[in-house]
Each structure stands twice: as C-alpha cells, then as structure tokens.
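The values are calculated or read from the model by the stated rules, or taken from the named source; none is laboratory data. Please read all numbers here as calculations on a predicted model, not as lab measurements. Note: ideal-geometry Cβ built from the backbone for every residue, glycine included; neighbour counts use all protein chains shown. Keep in mind that these areas ignore ligands, DNA and RNA; they rest on the heavy atoms of the full protein, side chains included. Shrake-Rupley method; radii C 1.70, N 1.55, O 1.52, S 1.80 Å.
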Amino acid sequence: VGQTVTVHAWGDRFIAWFDPEGNLLSRSNPYSFTAEKSMVVRAVFAKELFTDIPEDAWYREAAIEAAARGLIFGTSAFTFSASTPVTRAMSITMLFRASEEAAPGTDSVFTDVPEGVWFADSVQWAVERKIVNGMGDGLFCPELNVTREQFAVMLMRYARYQGLELPTGLPHASDGDKISPYAREAMGQAQCLGVIQGYPDGSLRPLAQVNRAEAVTMLLRLLELIETN
C-alpha cells in the first residue's frame, strides 16, 4: 500500500488495462500506479476486447482498431453494440480524437452543450473547423442520430481539413434520388474514395441511420487514405 507498482503486458495486440468491473485504467504499457489498497488490474488484448462481436463479423477488425486508437469505446464493459446508431456528439468526438489535437479552450456557443459535458470540446473543435454546424436556434442537438449521408459530409469536411485532395463526381446508386442536395457532392467523393460502399442492391441508403459498425469502418478507411497521402 502506498507503493508505486509497474505492470507489463506481453501478448498480441495489447489494448489497455482494466479493473475487474471493466473500467478503463490505462492504455500505457508498461503501466505504473500507486497502490493505495489491494488492487487487481487486467491486461486486455484485441481478441478479448469486445465479447459481443462474432469472430467472422465484417466490422470486427475496424472496431478493434478504432478502440485500440482510442477513437471509440465500448457501450459498457467489453461490449461494442455494433447496431447502435451514432449520434452527432459521438460522430464528431471520433473525428476530434482522430485529429489528436488539443481541446479548443473556448466556450460552447450552444445552449444544449453544457460546459464540461463529455462532448463539449469535440463540438467546439468541429464547429471551429467547419466540420459540422449547429441546428439553428442556438442548438447543436448532440443526441440526434446521424444518417449515412450526414456522416459522409462530416468525413469529407474532415478530409478536406486534413489536406486530402478530394475527387469530383456524383454518387452512383439505385437510390441516388434519395440523397439530399447538400450531401450529393460528399456522397460522391466518399464513394469514389471507397470510404462509403453500397449494398448488394446497388443502393447507398443515404437516409438510413449510420450505426457504430459502419461508422468505425468508414472512419478508418478515410484515416488510412489521409495517413498514406
């Protein structure tokens, strides 16, 4: 008790240290801490991180990679909840984390983004960089679910902010007439870059809510392009 303890993890694709209840303690390896009482820490590796993702799930690697990079966390201890919709707050938080930039340090301009709330820095960062806008009347609507076309717009704005040269062209989809006018260019760019892909029936489903599995997959596809260009 009261001593500094350092623990090491050896194994394939270490993710983080957790306590027995599944609370994240640290992503550092080795991990040093002061033991004020008897403590149990658990080293978790990629294959153990999310217990609700099947081994053959198409999004498995993207979910694990996103978590390893600190872009997204589980909805509870070791659960990913792939089909859960992504909100405006979560979508821009992933982008803020991907940027690895410091918090803006400015006050929120939105009445529904209280100071100190977990997404406050992400919202202000995204607004200042013109990646996302408010919803009018001084509201950001952080809990509003994001559609596939809305997420594509955010991703392409982020790509432009990061200096990625974006292609031209309109999206090719059997339901292209369903794409909102403001999102047509971004959907075309995202499709051309391979960030967003269609369904077997040739549709893009622009108005469908984007879920956690789709969001991390699209984001990692984009980050790979940014990081290799």
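The calculated FRET efficiency for residue 19 paired with residue 227, based on their beta-carbon distance and R0 = 30 Å, is about 0.35. The label point for residue 133 and the one for residue 33, both projected 7 Å from the Cα toward the Cβ, are 4.5 nm apart. With all projection directions averaged, the alpha carbon convex hull of the stretch 1-75 covers 5.3 nm².
Taking other residues whose beta carbon is less than 11 angstrom from the beta carbon of residue 155, and scoring Lys, Arg as +1 and Asp, Glu as -1, yields +3. Applying 1/(1 + (r/R0)^6) with R0 = 25 Å to the Cβ-Cβ distance of residue 12 and residue 73 gives a FRET efficiency near 0.75.
Taking each residue as 0.36 nm, the span from residue 177 to residue 81 lengthens on full extension beyond its C-alpha to C-alpha distance by 31.5 nm. To the nearest ten degrees, helix 88-99 and the longest principal axis of the Cα atoms of the chain are 70 degrees apart.
Averaging the Cα positions of each part gives two centres, and for the stretch 173-204 and the stretch 32-75 these lie 32 Å apart. Each other residue within a Cβ distance under 13 Å of residue 59 adds +1 if Lys or Arg and -1 if Asp or Glu, for a net charge of -3. Its relative contact order, with pairs defined as Cα atoms under 8 Å and 6+ residues apart, puts the stretch 97-229 at 22 percent.
Residue 126 sits among other residues whose Cβ lies under 14 Å from its own Cβ, and their net charge, with Lys and Arg +1 and Asp and Glu -1, is +3. For the chain, the longest principal axis of the Cα atoms and the long axis of helix 148-161 meet at an angle of about 80 degrees. P(r) tail for the chain: Cα pairs beyond 25 Å make up 47% of the total. Rolling a 1.4 Å probe over the protein heavy atoms gives the stretch 36-195 an accessible area of 50 Å² per residue.
Sort the stretch 131-205 into rounded, prolate or oblate with this rule: let a ≥ b ≥ c be the square roots of the eigenvalues of the Cα gyration tensor; rounded if a/c is under 1.5, and if a/c is not under 1.5, prolate when a/b is larger than b/c, oblate otherwise. Note, shape of the stretch 131-205 comes out oblate.
Rolling a 1.4 Å probe over the protein chains gives residue 117 an accessible area of about 40 Å².
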